[in-house]
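In what follows, a structure is listed as structure tokens, so that the remarks can point back to it.
The values are calculated or read from the model by the stated rules, or taken from the named source; none is laboratory data. In this text the structure is predicted, and so the values were computed from the model without any measurement. Cβ placement follows ideal geometry from the backbone for every residue including glycine, while neighbour counts extend to all protein chains displayed.
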Amino acid sequence: MHDGRRATLVGSTTKEIQADVAAAAALPAYRGKQIAEWIYRRILPEERGGYNAAFEFMTDLPLAARERLGELFEDRPLILGERHEDRRDGTVKLLARLQNGGHPIECVLLPDARRVSVCLSTQAGCPMACVFCATGTQGLTRNLTSAEIVGQYLLLQANCPRRITHIVFMGMGEPLLNYDQTLKAIHILNAECGVAMRHITLSTVGIVPNIDRLADENLQLTLAVSLHAPNDTLRSELVPVARTYSLAQLLDSCRRYAAATHRRLTFEYVLLREVNDRPSDARELASLIRGMSAAVNIIPYNPTSVAGQFQRPEAGRIANFRKILETAGVTVTQRKERGQQIAAACGQLVTESSHRRPE
């Protein structure tokens, strides 16, 4: 229970659900398994009631059991607040309100011709304060629970006619500063919701001790590490956590992660015009990661109203930066630009309520 409210079954494993409904409602184990199936696999479209942790929809349970469950447990940990769609590319951004009030959070649906990806948040706000990121201007309200993290997936699935195939933890917050709840959510999304572990990507700004901790989990997810600069001096200006963990420490941790998991890393690099996009930056970056099993994902800066001192590089500068890396033998990808029209692109997630906070 939280703050006197009813508990939710979302964010629990099938075994935990079986134990909870047995203890609270004297339901046998097979009923608990049916309930888990309804919560995680039989998700109704939004227009038919939304993601159906709502017990009234669980029609293969006796009516008395459904009514009792409704008395004991919260239907869902999140409430859909606002829905915004970028009609140019089909990106959908949802603003979700937490059951216990407080700061709303954002999550994003990214469908394309081949797959359906979603971007999930792990914190309400973000404590990392990267200077080019709108989310970082909000500060941290609190960590999300596994129920609230998984609830975003369920909410997005209810708003998409196709099955979600890929998950990226690149929304609001630093996942490795909410380690236990994020890891539990990952296991549930994999085992209960059926998303392949290799189709899950966790993005971190570089919390070295928890990268090492994650390596010990030996999961086959993809680790994406936000570099954004090829040296400590510049990175410390852009990414404050770099004052705690040097690039040498971070890259040593990344090497340990790759050796333990046998998974190729992704290094994310937001290109800021005349800040970190010079030819010398590209050459230094190539030298920095030489010999590592890694790819660089370059992300041209997405302008925001709250981090407006930076500019997006011209196409020619982006192309030249990429060419220098590729000539040096670095595998390079470039982030497909989605959702800019609705402020759902990388670095743009910032809830409207944060704009209205008093200074």
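A few notes on this one:
- Residue selected from the range 112-125 under the condition among the β-branched types (V, I, T) and crowded, with 23+ Cβ neighbours inside 10 Å, by the criterion nearest to the chain's Cα centre (by Cα): T122
- Residues satisfying the stated conditions in the range 117-148, i.e. among the aliphatic types (A, V, I, L, M) and either in contact with a strand residue (DSSP E or B) (Cβ under 7 Å, 6 or more places away or on another chain) or free of Cβ contacts under 8 Å to residues at least 24 places away in the same chain (or both): V118, L120, A124, L140, L144, A147
- Residue within the range 55-74 that is over 17 Å from the mean Cα position of the chain (by Cα), surrounded by fewer than 17 Cβ atoms within 10 Å (Cβ to Cβ), of a type outside the set (D, E) and on the phi > 0 side of the Ramachandran plot present: no
- Among the residues of the range 46-58, the ones that are modelled with pLDDT of 85 or more and part of a loop (DSSP other than H, G, I, E, B) come to 1 in all.
- Exactly one residue out of S236, S226 is among the small types (G, A, S) and surrounded by 19 or more Cβ atoms within 10 Å (Cβ to Cβ): that is S226.
- Selection from the range 219-269 of residues that are among the hydroxyl-bearing types (S, T, Y) and more than 15 Å from V168 (Cβ to Cβ): T233, S236, T244, Y245, S246, S253, Y257, T261, Y269
- Some residue of the range 195-205 being buried (at least 19 other Cβ atoms within 10 Å of the Cβ) and over 13 Å from the mean Cα position of the chain (by Cα): yes
- For the range 90-111, the tally of residues that are surrounded by fewer than 17 Cβ atoms within 10 Å (Cβ to Cβ), touching a residue at least 24 places away in the same chain (Cβ under 8 Å) and not polar (S, T, N, Q) stands at 1.
The rows are residues; the columns are (1) among the hydroxyl-bearing types (S, T, Y); (2) under 27 Å from Q249 (Cβ atoms); (3) without any contact (Cβ under 8 Å) to a residue 12 or more places away in the chain; (4) out of contact with any helix residue (DSSP H, G or I) (no Cβ under 7 Å at 6 or more places or on another chain).
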residue: L176; (1), (2), (3), (4): no, yes, no, no
residue: Y179; (1), (2), (3), (4): yes, yes, no, no
residue: H187; (1), (2), (3), (4): no, no, no, yes
residue: V195; (1), (2), (3), (4): no, no, no, no
residue: T204; (1), (2), (3), (4): yes, yes, no, no
residue: V208; (1), (2), (3), (4): no, yes, no, no
residue: I211; (1), (2), (3), (4): no, yes, no, no
residue: A215; (1), (2), (3), (4): no, yes, no, no
residue: N218; (1), (2), (3), (4): no, yes, no, no
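- Any hit, the range 253-261, residues being surrounded by 21 or more Cβ atoms within 10 Å (Cβ to Cβ) and either outside the structural domain of F132 (by TED's automatic domain parsing) or farther than 25 Å from K184 by Cβ (or both): no
- Single residue of I324, I299 found to be of a type in the set (A, V, I, L, M), under 24 Å from L251 (Cα atoms), within 23 Å of the chain's Cα centre (by Cα) and assigned by TED's automatic domain parsing to the domain that holds V225: I299
- Elements of type helices (runs of 4 or more DSSP H) contained in the range 257-359, each with 3 or more residues being over 28 Å from D216 (Cβ atoms) and at pLDDT 75 or above: 279-288, 315-327
- Subset tally (residues that are small (G, A, S) and either under 18 Å from T201 (Cβ atoms) or surrounded by 24 or more Cβ atoms within 10 Å (Cβ to Cβ) (or both)) for the range 126-136: 2
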